[in-house]
Amino acid sequence: MARMHTRRRGSSDSDKPVADDPPEWSDVDEDAVEERVVELAEQGHSPSEIGVKLRDEGVQGTPVPDVSLATGKKVTEILEDNDADPEIPEDLRNLMERAVRLREHMNDNPGDAQNKRALQNTESKIRRLVDYYRGDKLEEDFTYSYDVAVSLLE
């Protein structure tokens, strides 16, 4: 269990049920699912939002509970194959959005020590992720700063 900035254990502890093939009631064509994934990405949805939309709305009226079971690929793999993947990974983008929000809050409330610590922790996580993605999904010379985050999120 990863405990990065706290002594407590995380709350996300649930596991998906083990399944090897999609349920019988969800017999959607692989190509139709892939087309819908790319279409949703072009509308500006993130990979996790795409998964939720496919689960709730489905393809041609049929829900798709698990994209990887239906197609044999993850949503991000489908996006990479169709050159529709986002320029920065979703987890890094979410952390950057949080850091920008916290920095703006700190500018308005300089005495807020708890959020100052939260900002330090968030920026630490961002630097770790940047190291992980550098050279693969990010350029070799990419370095995180508040200004870089603001420009990327615009």
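The values are calculated or read from the model by the stated rules, or taken from the named source; none is laboratory data. Remember, it's a predicted structure, so these values are computed and weren't measured experimentally. Here Cβ is always computed from backbone atoms with ideal geometry, including for glycine, and neighbour counts include all displayed protein chains. Heads up: the accessible areas ignore ligands, DNA and RNA and are worked out on the full protein's heavy atoms, side chains in. Shrake-Rupley method; radii C 1.70, N 1.55, O 1.52, S 1.80 Å.
For the charge dipole of the range 9-132, defined by +1 on Lys and Arg C-beta atoms and -1 on Asp and Glu C-beta atoms about the Cα centroid, which residue among Asn121, Leu69, Ala32 has the Cα displaced farthest towards the positive pole?
Among Asn121, Leu69, Ala32, the one farthest towards the positive end of the dipole of the range 9-132 is Asn121.
Between Arg134 and Asp27, how high is the FRET efficiency from 1/(1 + (r/R0)^6) when r is the Cβ-Cβ distance and R₀ = 41 Å? Nearest 0.05.
0.50
For Ser46, tell me the accessible area in Å² from a 1.4 Å probe, rounded to the nearest 10.
Surface open to solvent at Ser46 totals about 30 Å².
Between 0 and 90 degrees, rounded to the nearest ten: what's the tilt of helix 113-133 against the longest Cα principal axis of the chain?
Once rounded, the angle reads 50 degrees.
Just how much of Ile126 is accessible, in Å², when a 1.4 Å probe is used and the result is rounded to the nearest 10?
0
List nothing, just return the count: lysine pairs in the range 4-154, 8 or more apart or interchain, with Cα separation under 24 Å.
9
Which value in deg cm²/dmol, rounded to the nearest 500, describes the helix-derived mean residue ellipticity at 222 nm for the chain, given -39,500 (n - 2.57) per DSSP H run of n ≥ 4 and division by the residue count?
Values: 7 runs with 83 residues, N = 154.
Mean residue ellipticity, 222 nm, calculated: -16500 deg cm²/dmol.
In nm, give the distance between the simple-model label positions of Asn115 and Ala19, each being 7 Å from the Cα along the Cα-to-Cβ direction.
4.1
Under a Cβ-only charge scheme (Lys and Arg +1, Asp and Glu -1), can you give me the dipole magnitude of the range 20-154 about the Cα centre, in debye to the nearest 20? Walk me through the numbers before you get to the answer.
Numbers: 16 positive and 35 negative charges, 252 e Å.
That gives a dipole near 1200 debye.
Taking the radius of gyration and the Kirkwood hydrodynamic radius from Cα positions alone, what is the Rg/Rh ratio for the range 5-108, to two decimal places?
1.07
Ignoring ligands, DNA and RNA, what percent of the 1.4 Å accessible area of the range 78-154 is carbon and sulfur?
Heavy-atom surface of the range 78-154 belonging to carbon and sulfur, 1.4 Å probe: 41 percent.
Looking at the range 70-104, which GluC sites (Glu not before Pro) are in a loop (DSSP not H, G, I, E or B) and have at most 16 other Cβ atoms within 10 Å?
Numbers: sites: Glu77, Glu80, Glu87, Glu90, Glu97, Glu104; in loops: Glu87.
Hits after loop and neighbour filter: Glu87.
Report ³J(HN,Hα) in whole Hz for each residue of the range 37-43, in order, from the Karplus equation J = 6.51 cos²θ - 1.76 cosθ + 1.60 where θ = phi - 60°; Gly and Pro get x.
Once θ is set to phi - 60°, the couplings for the range 37-43 become 4, 5, 4, 5, 5, 5, 7 Hz.
Where does helix 90-108 land angle-wise versus the long Cα axis of the chain, in degrees 0 to 90, nearest 10?
Roughly 30 degrees, rounded to the nearest 10.
For the chain, what relative contact order do you get, as a whole percent, if you take Cα pairs closer than 8 Å and at least 6 residues apart?
Over the chain, the number comes to 18 percent.
Please calculate how many Å² of accessible area the range 67-119 carries per residue, with a 1.4 Å probe and no DNA, RNA or ligand atoms counted.
60
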